[in-house]
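Since the structure comes first, as structure tokens, the remarks are kept for the end.
The values are calculated or read from the model by the stated rules, or taken from the named source; none is laboratory data. Note that the structure is predicted; figures quoted are calculated from it, not measured. All Cβ positions, even for glycine, are placed from backbone atoms using ideal geometry, and neighbour counts span all protein chains on display.
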Amino acid sequence: MNIKYFDNAATTRVKEEVLKEMIPYFSVQYGNPSSLYTIGRYNKKAIEKARRQVADLINCETNEIYFTASGSESDNMTLKGIAYANKEKGNHIITSKIEHPAILNSCKTLEKQGYKISYINVNKDGIIDLNELISEITNQTILISVMFANNEIGTIQPIEEISKIAKKYNIIFHTDAVQACGNIPINVKKMGIDMLSLSAHKINGPKGVGALYVKKGINFDSIINGGGQEKGKRSGTENVAGIVGLGKACEIAKKQMDNHMARLKELRDYFVEQVEENIPNAKLNGSRENRLPGNANFSFENSDSQELLFKLDSKGICVSSGSACSSGNSNPSHVLTAIGLEKKLAQGTIRFTFGEDNTKEDIDYLLENLKEFIFLS
Ligand SMILES: *Cc1c(COP(=O)(O)O)cnc(C)c1O
């Protein structure tokens, strides 16, 4: 069966151009980048080229980029690395209620170690309450971590306003930009971002590689210790092929940004319009204006999202159900709960995330099947 993939927030297909760049580093170019002979140095150079490509996408210096094994690792490195390095200064961190589990569960771990965490509320569109953010700041606050764009409902946060607040109180500002990076323009210098997490597999790069941007002058403790790679901040022999793939994915994302955004937005807007016209009481979740171009998240009245997901799967259609935090769990996700969605609607929530490969014909096929299954149920 022909697969129609509308789950690009979960992961994306590695682009041919990216794969092509990566392949030599799995076999013929096998040197350890730390080795001093030619084939080692060759791979060191490949890593440094990728560092430049990543830095160019978000407008920072190459020595401000640290390669990691995932977006999750970048998030862990930030939360724990900043918490441990600033123990003397304070023990308080501010984040939001709608963060990715990589942030929320790192916070849970830190709470067990005696750190205090404030979880800021969001409004019905999923935008954080800036007044609440300000009111939570104390002289113990060492870090504010708020995601750039949400992975479920696509809402984009007022990043520059948050960074201004952080700056005013002299607090480090981190953003999990795994969904945003490569999909919308990010300029860390202009936006005043101190630290930023990104991941390759959400932007048509390979799985198992990410990066953390850390503004020069900010110190953080290493949570993976060893041979001192990545300036001693993230030990472990580098995933050269993965890093090369991440670099190439960033280069392409930068080049195609405007076209990519316009195309996804057009497809998404068409989908949203058709759903709202044809499916009674379908409710779009998240902000209409401040939203990732490829995201549509709908609640369908009286539908069961998992049932719908499996019916669509039988037609080769991949979507994500918004109701389950993890498979086998029918509680609404923390994000849908935080935006105040009624449990009954939350249970009929589906996330559609469009990507590079999708066409208008694919969306018509999706709409056709969606309507059929919803009216049959
Ligand atoms: C996917 C995702 C992550 C985790 O990235 P991995 O590379 O899969 O570990 C973190 N944050 C957000 C917002 C994500 O969408």
Filtering segment 68-82 for residues that are under 18 Å from residue 201 (Cα atoms) and either more than 12 Å from the ligand (Cβ to nearest atom) or over 17 Å from the mean Cα position of the chain (by Cα) (or both) leaves a count of 0
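Rundown of residues vs (1) under 17 Å from residue 243 (Cβ atoms); (2) charged (D, E, K, R), yes/no style:
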site	(1), (2)
8	no, no
13	no, yes
23	yes, no
30	yes, no
48	yes, yes
55	yes, no
75	no, yes
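Just to check your reading of the model, which residue among 129, 125 is within 20 Å of residue 290 (Cα to Cα) and without any contact (Cβ under 8 Å) to a residue 24 or more places away in the chain?
Values: 125 fails: without any contact (Cβ under 8 Å) to a residue 24 or more places away in the chain.
So the residue among 129, 125 that is within 20 Å of residue 290 (Cα to Cα) and without any contact (Cβ under 8 Å) to a residue 24 or more places away in the chain is 129.
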Residue count for segment 83-99, restricted to those that are part of a helix (DSSP H, G or I) and either surrounded by 16 or more Cβ atoms within 10 Å (Cβ to Cβ) or within 16 Å of the ligand (Cβ to nearest atom) (or both):
2
Out of everything in segment 358-377 that is at pLDDT 95 or above and not in a helix (DSSP H, G or I), what residue ends up being surrounded by the most Cβ atoms within 10 Å (Cβ to Cβ)?
358
How about segment 184-206: which of its residues are among the aliphatic types (A, V, I, L, M) and within 10 Å of the ligand (Cβ to nearest atom)?
198, 200
Residue selected from segment 44-67 under the condition closer than 27 Å to residue 104 by Cα and in contact with a Cys (Cβ under 6 Å, 6 or more places away or on another chain), by the criterion farthest from the ligand (Cβ to nearest atom)
57
I want to confirm something. Restricting to segment 10-43 and keeping residues that are aliphatic (A, V, I, L, M), in a loop (DSSP other than H, G, I, E, B) and more than 16 Å from the ligand (Cβ to nearest atom), which single residue is farthest from residue 204 (Cα to Cα)?
36
Quick check: is even one residue across segment 239-250 in contact (Cβ under 8 Å) with a residue 24 or more places away in the chain and part of a loop (DSSP other than H, G, I, E, B)?
yes
Take the residues in segment 114-131 that are assigned to a strand (DSSP E or B) and out of contact with any helix residue (DSSP H, G or I) (no Cβ under 7 Å at 6 or more places or on another chain); name whichever of them is farthest from residue 163 (Cα to Cα).
116
Check 110, 57, 79, 19 and return the single one that is in contact with a helix residue (DSSP H, G or I) (Cβ under 6 Å, 6 or more places away or on another chain) and either closer than 30 Å to residue 363 by Cα or modelled with pLDDT under 95 (or both).
57
In segment 102-112, how many are of a type outside the set (Lys, Arg) and free of Cβ contacts under 8 Å to residues at least 12 places away in the same chain?
2
If you go through segment 157-183, how many residues are surrounded by fewer than 19 Cβ atoms within 10 Å (Cβ to Cβ) and either among the hydroxyl-bearing types (Ser, Thr, Tyr) or within 16 Å of the ligand (Cβ to nearest atom) (or both)?
1
Examine segment 306-318 for a residue that is of a type in the set (Lys, Arg), within 25 Å of residue 15 (Cα to Cα), out of contact with any Ser or Thr (no Cβ under 8 Å at 6 or more places or on another chain) and outside the structural domain of residue 152 (by TED's automatic domain parsing), and state whether such a residue exists.
yes
Residue match in segment 100-113 (condition: more than 15 Å from the ligand (Cβ to nearest atom), surrounded by fewer than 20 Cβ atoms within 10 Å (Cβ to Cβ), in a strand (DSSP E or B) and not hydrophobic (A, V, I, L, M, F, W, C)):
no
Residue 134 being away from the ligand (no atom under 16 Å from the Cβ), outside any loop (DSSP other than H, G, I, E, B) and surrounded by 15 or more Cβ atoms within 10 Å (Cβ to Cβ)
no
